[in-house]
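First comes the structure, then the notes that go with it.
The values are calculated or read from the model by the stated rules, or taken from the named source; none is laboratory data. What you are looking at is a predicted structure, and each value in this text was computed from that prediction instead of being measured. Note that each Cβ is placed from the backbone with ideal geometry, even for glycine, and that neighbours are counted across all protein chains shown.
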Amino acid sequence: METLLAGRAGFDMLGSQYPAAGNVQFETTSIAGVACTWVRPAGTLAGEVAVFIHGGAFIYGSLRSHAPMVSHIASALKRNVLMIDYRLAPENPFPAGLNDCVAAITGLLTEHPDLIFGIIGDSAGGNLAVAAQLGLKAAGRPMPRYSMVISPWTDLECNNDSYTRNQLADTVLTREYLQWAAGLYAGNRGRADGLVSPVNADLSGLPPALILCGTAEILEDDSIQLHRNFLAAGVEAELITFEGEQHVWPFMDIDTGASQKVLADFAIFAAKHSTSR
């Protein structure tokens, strides 16, 4: 456990390599008993928010690790963003983190029933962004207008061809690491289960989705497969690949051209599918 805690502290520091956007404020809160943080940029659209679910292989990540990146996303979207601090594995394996995300979103909509919202996630948070929508759909809850995921890890069986094809190019992730983390998260649930690996779920009825990934990451095929399965389920979905980019590249450096394009792509997609004006 000491090694895991040290890894979490290091991951938090890794996500703080650049400052938050200058026009945002942070406000901690609790919704349905789940710790959250509001990221509030100046000049936001009234009545519209985005929910952000962070990555970290289900075992790392926090409000602290992702606050800088999310602040720039919120600024680009011109929307308040609610970050969810879901419980992590292995102390809290599946479905604890997913339940936290669904509970926080449900609680938010109970407080603000007319709210227009979207869901954003990176890596494992991209998994939870899709799985949370499946949970909302199953419960008959209001659905987001859109989802946007970057480098989503949606197939925890870790058998896609890109694990081999991009093995040498990927300097961030390895199959061995992801297999280890997948086991900690899935616990007693099979990794092929549709809520553990939402690429295997019935995706019909979900809102339009934007999927972004780098061509140098071993999870590239997770994005390709998710896009293909969205289309097969009748979901409007767009896949944008970034040549030579690593896993969740804006997390490491928000100022590169590729990271700035992510912010622009997010803003365009969110405006297209959610603007109430």
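Numerical summary
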| read-out | value |
| --- | --- |
| 2 or more residues within 20 Å of ASP122 (Cα to Cα): qualifying strands (runs of 3 or more DSSP E) within region 1-80 | 34-41, 48-53 |
| Boolean, LEU98 is within 15 Å of the chain's Cα centre (by Cα), in a helix (DSSP H, G or I) and not β-branched (Val, Ile, Thr) | yes |
| Out of GLY118, GLY47, GLY56, sole residue that is touching a Ser or Thr at 6+ places or on another chain (Cβ under 8 Å), at pLDDT below 95 and either closer than 22 Å to ALA209 by Cα or not hydrophobic (A, V, I, L, M, F, W, C) (or both) | GLY47 |
| Scan of region 268-277 for residues that are surrounded by 14 or more Cβ atoms within 10 Å (Cβ to Cβ), more than 16 Å from the chain's Cα centre (by Cα) and of a type in the set (A, V, I, L, M, F, W, C), ordered by number | ALA271 |
| Of all residues in region 235-258 being among the small types (Gly, Ala, Ser) and farther than 19 Å from ILE119 by Cα, the one that is nearest to the chain's Cα centre (by Cα) | ALA258 |
| Residues satisfying the stated conditions in region 68-81, i.e. hydrophobic (A, V, I, L, M, F, W, C) and either at pLDDT below 95 or surrounded by 23 or more Cβ atoms within 10 Å (Cβ to Cβ) (or both) | MET69, VAL70, ILE73, ALA74, LEU77, VAL81 |
| Residue list for region 180-204, filter: hydroxyl-bearing (Ser, Thr, Tyr) and within 13 Å of ALA132 (Cα to Cα) | SER197 |
| Total residues in region 208-236, condition farther than 26 Å from TYR177 by Cα and crowded, with 21+ Cβ neighbours inside 10 Å | 3 |
| Some residue of region 172-195 being of a type in the set (Lys, Arg), in contact (Cβ under 8 Å) with a residue 60 or more places away in the chain and out of contact with any Leu (no Cβ under 6 Å at 6 or more places or on another chain) | yes |
| Every residue from region 1-37 that is in contact (Cβ under 8 Å) with a residue 24 or more places away in the chain, out of contact with any helix residue (DSSP H, G or I) (no Cβ under 9 Å at 6 or more places or on another chain) and loosely packed, with under 11 Cβ neighbours inside 10 Å | none |
| Count of region 111-170 residues which are surrounded by fewer than 24 Cβ atoms within 10 Å (Cβ to Cβ), β-branched (Val, Ile, Thr) and part of a strand (DSSP E or B) | 1 |
| Subset of region 247-256 [over 20 Å from LYS78 (Cα atoms) and surrounded by fewer than 21 Cβ atoms within 10 Å (Cβ to Cβ)] | MET252, ASP253, THR256 |
| Single unsatisfied condition, ASP202 versus (1) within 17 Å of the chain's Cα centre (by Cα); (2) more than 23 Å from HIS66 (Cα to Cα) | (1) |
| Residues (without any contact (Cβ under 8 Å) to a residue 60 or more places away in the chain and of a type in the set (S, T, N, Q)) located in region 208-234 | THR215, ASN229 |
